[in-house]
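The values are calculated or read from the model by the stated rules, or taken from the named source; none is laboratory data. The shown structure was predicted, so the numbers you read here are calculated from the model rather than taken from an experiment. Cβ: placed from backbone, ideal geometry, glycine included. Neighbour counts: every protein chain shown.
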Amino acid sequence: MLKGKVAVVTGSTSGIGLGIAQTVAAQGANVVLNGFGDAAAIEEIRAGLEKEYGVKAVYSGADLSTAEGSAGLIAFAEEKFNRVDILVNNAGIQHVAPIEEFPVDRWDLVIAINLSSAFHTIRASLPGMRKRGWGRIINISSAHGLVGSAQKAAYVAAKHGIVGLSKVVALETAESGITCNTICPGWVLTPLVQKQIDARAAAEGKTVAQAEHDLLAEKEPTLRFTTPEQLGAMVVFLSSPGGDNMTGTALPMDGGWTAR
Ligand code: NAD
């Protein structure tokens, strides 16, 4: 389905981004991996994609907390492949604290990685996409891009922000063959969420299994996690001809969280 396309997936050394990178590679896309982690483990992922799917995969450790790092990632991708067809803005971090105690440096960092980096990568990718008359920009927001939760001021602000940014990009590119959409996942069992489950178990004196159940029960009527592979499948759909006239949307994949 995506043979010959080039996909940049930010934050793809772990969790959702890794699942999306694997899913688009399985459809034949060449992939630019990005994110932090152990160098040997990242190389194993990169080489594994090439071996398993017969695509080309490269890795950049660009730090997306800065404008230079974010724009630099796109320059790196264009240098390696001459093009960026599919841009998935996925890198993100979380910090949990009441607003009066929210550390200012954490606010700045969450906004930089979860929101501003997408502005910078989109800004750098659009000229090439416009020239080729085709592009897919897919931003990974969250159910927290549509509704709030206490103690997540920076995260909720950034995730709402990215829904708005996507709408503006969709309008500005409407006649250019480029689409821009946002996916809003509910809970996905990745290291980012495991940390929150472990913290909850410790704080409330529960087992990890009980804390996991309570986390789901509080928000998701289905009582099930969304998987990185399901999110990857949505990226593939949005990049396929079926998604050609979908732009500016915010698509919940949240087990009914935002239906309440
Ligand atoms: P994760 O912690 O497993 O992965 C985050 C990725 O981002 C990693 O590859 C990490 O190295 C990378 N990253 C972090 N800081 C970076 C930086 N400065 N520069 C470059 N890369 C950086 O988290 P995840 O759960 O897979 O989350 C991925 C995205 O999905 C995030 O934007 C998150 O907000 C969103 N999301 C997650 C959930 C969930 O339940 N896990 C739900 C909704 C939305």
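Some values worked out for this structure:
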| read-out | value |
| --- | --- |
| Condition check for ALA170: assigned to a helix (DSSP H, G or I), under 18 Å from ASN89 (Cα atoms) and out of contact with any helix residue (DSSP H, G or I) (no Cβ under 6 Å at 6 or more places or on another chain) | yes |
| Hey, ALA211 aliphatic (A, V, I, L, M) and either modelled with pLDDT under 95 or surrounded by fewer than 13 Cβ atoms within 10 Å (Cβ to Cβ) (or both) or not | no |
| Verdict on LEU64 being within 16 Å of the ligand (Cβ to nearest atom), within 17 Å of ILE140 (Cβ to Cβ) and out of contact with any strand residue (DSSP E or B) (no Cβ under 6 Å at 6 or more places or on another chain) | yes |
| Pairs with Cβ under 7 Å, 6+ apart, first in the range 61-87 and at negative phi and assigned to a loop (DSSP other than H, G, I, E, B), second basic (Lys, Arg) and buried (at least 23 other Cβ atoms within 10 Å of the Cβ) | ASP85/ARG136 |
| The lone exception for GLY92 - which of (1) in contact with an Asp or Glu (Cβ under 8 Å, 6 or more places away or on another chain); (2) within 15 Å of the ligand (Cβ to nearest atom) it fails | (1) |
| Flag if GLY35 is modelled with pLDDT of 95 or more, touching a His at 6+ places or on another chain (Cβ under 9 Å) and crowded, with 18+ Cβ neighbours inside 10 Å | no |
| Filter pass, GLU100 being surrounded by fewer than 18 Cβ atoms within 10 Å (Cβ to Cβ) and under 23 Å from PRO127 (Cβ atoms) | no |
| Unique residue being in a helix (DSSP H, G or I), over 14 Å from the mean Cα position of the chain (by Cα), on the phi < 0 side of the Ramachandran plot and not basic (Lys, Arg) when the list is ALA202, ALA233 | ALA202 |
| Hits in the range 173-185 (condition: under 18 Å from ASN90 (Cα atoms) and either of a type in the set (A, V, I, L, M) or in a loop (DSSP other than H, G, I, E, B) (or both)) | ILE183 |
